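**Q** Submitted below is the structure of interest, expressed as structure tokens.
Laboratory data are not the source of any read-out in this text; all were calculated from the coordinates shown. None of these values were measured; they are calculated from a predicted model. Don't worry about glycine lacking a Cβ; one is built from the backbone with ideal geometry, like all the others, and counts go over all protein chains shown.
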Amino acid sequence: MPKVLDEDRPYWWVHTNGKEHIKLKQFPLTCEVGPGSPSGHCMVMISGWLPLLLYIRRKYNRLGFILLSSFITCIVLVAISRMYIATHFPHQTILGSIAGAVIGLFFHELLMTPHIMCSKSNKKIIRFHSSFLNSPSVLIAIGVLSLITGKAFGALLNYLGKDVERSYQLAIKYCARSEWLHPSTSAMASYSRVTGALIGLAGALYLHPLSASTSTPVVTSLREFILSCTATFSGYYVSHKALLFVSPCMKSFVKPITFISDISHLIYMAVLSALFPILVAFVHSTLHCKFFAKFDKQSTSPKPRTEKSIMIDNDEAISIRCRR
């Protein structure tokens, strides 16, 4: 969609349309290199969180209403902040919000409705959805196909005479500081992140496959939640630093691949996106199975009976017999 619309961002629009008298202040987050419409921040945030919040509201009406109201407030603040740093026009944030809501509602209805309906005619649909989501090979195929499709679509637009690198060139030209440029916001980098996230999710399913026992609701204590989050983010930080350390070697390794521009950066974005789902599955399964379950078992195991407790039980049994 951004490649097709190819709309300007405010920080370079004032220069390309003869509006230099409008002074826009730039910030370190301003110089994104992709087209401006629709707003990716609004679209991704709404499409990712809306299905979860609607599910929570269906299960817990009052809590879901509070979370949904807070979420709408956050979306408005995100949209205002994107306009404040001269990254988006108002209509671009509105279009991104609408697109995100449509995507979120589509997946909510697609994935949740068959599980809520209990008629016999929907059993095949439920099995199809379950097998579709639980298959690592399907997720990998979708991720790779999305990257190939994005690259092929860009090549088609170039063939038709549309310059897909126009926004990148304008960002380089009109950004106040070169160190503020964000190549990770390009369209191909977004495709790489999606591919990496799906491959990471496939790896997470391979490490911790879904089953009847893992799909049932689990009440997580505050202790488990804090330790799991701490371990996950610590592992992600260490992995990120290790990836930065080996990235020069990776760049020289993929240098012969010349038919894809900036291939090393795309691989870096894909690997970085794949790390988090794998770490979540590994940390959660390891802590829950190896530590928490063992700790809970020890805390709930019956205490060994002492000689005094045995004598008390015997006395109680004798008194009961005498009463009878």
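**Q** If residue 5 satisfies every condition in (1) within 30 Å of residue 153 (Cβ to Cβ); (2) surrounded by 13 or more Cβ atoms within 10 Å (Cβ to Cβ) but one, which is the exception?
**A** Here residue 5 clears every test but (2).
**Q** Search the range 141-160 for residues being of a type in the set (A, V, I, L, M, F, W, C) and touching a residue at least 40 places away in the same chain (Cβ under 8 Å), and hand back the single one that is surrounded by the fewest Cβ atoms within 10 Å (Cβ to Cβ).
**A** Filtering the range 141-160 for residues of a type in the set (A, V, I, L, M, F, W, C) gives 141-142, 144-145, 147-148, 152-153, 155-157, 160.
Add one more test, that the residue is touching a residue at least 40 places away in the same chain (Cβ under 8 Å), and what stays is 142, 144, 147, 153, 157.
On the way: 142: 18, 144: 13, 147: 21, 153: 15, 157: 15.
The extreme case among them is 144.
**Q** Also, I was wondering about something else. Just one of (1) farther than 27 Å from residue 108 by Cα; (2) in contact with an Asp or Glu (Cβ under 7 Å, 6 or more places away or on another chain) trips up residue 92, so point out which.
**A** (1)
**Q** Something else now. For the range 8-37, how many residues meet the condition of being farther than 18 Å from residue 77 by Cβ and surrounded by 14 or more Cβ atoms within 10 Å (Cβ to Cβ)?
**A** Applying the first criterion (farther than 18 Å from residue 77 by Cβ) to the range 8-37 yields 8-26, 28, 31-37.
Checking the rest, the ones that are also surrounded by 14 or more Cβ atoms within 10 Å (Cβ to Cβ) come to 8-15, 24, 26, 31-37.
Here the count works out to 17.
**Q** Which count do you get for residues in the range 22-80 that are assigned to a helix (DSSP H, G or I), farther than 23 Å from residue 193 by Cα and of a type in the set (A, V, I, L, M)? Even if it seems obvious, please write down each step before you answer.
**A** Narrowing the range 22-80 to residues assigned to a helix (DSSP H, G or I): 40-59, 61-80.
Of the ones still in play, those that are also farther than 23 Å from residue 193 by Cα are 53-59, 61-74, 76-77, 80.
Within this subset, residues satisfying the condition of being of a type in the set (A, V, I, L, M) are 53-54, 56, 63, 66-68, 72, 76-77, 80.
So the answer is 11.
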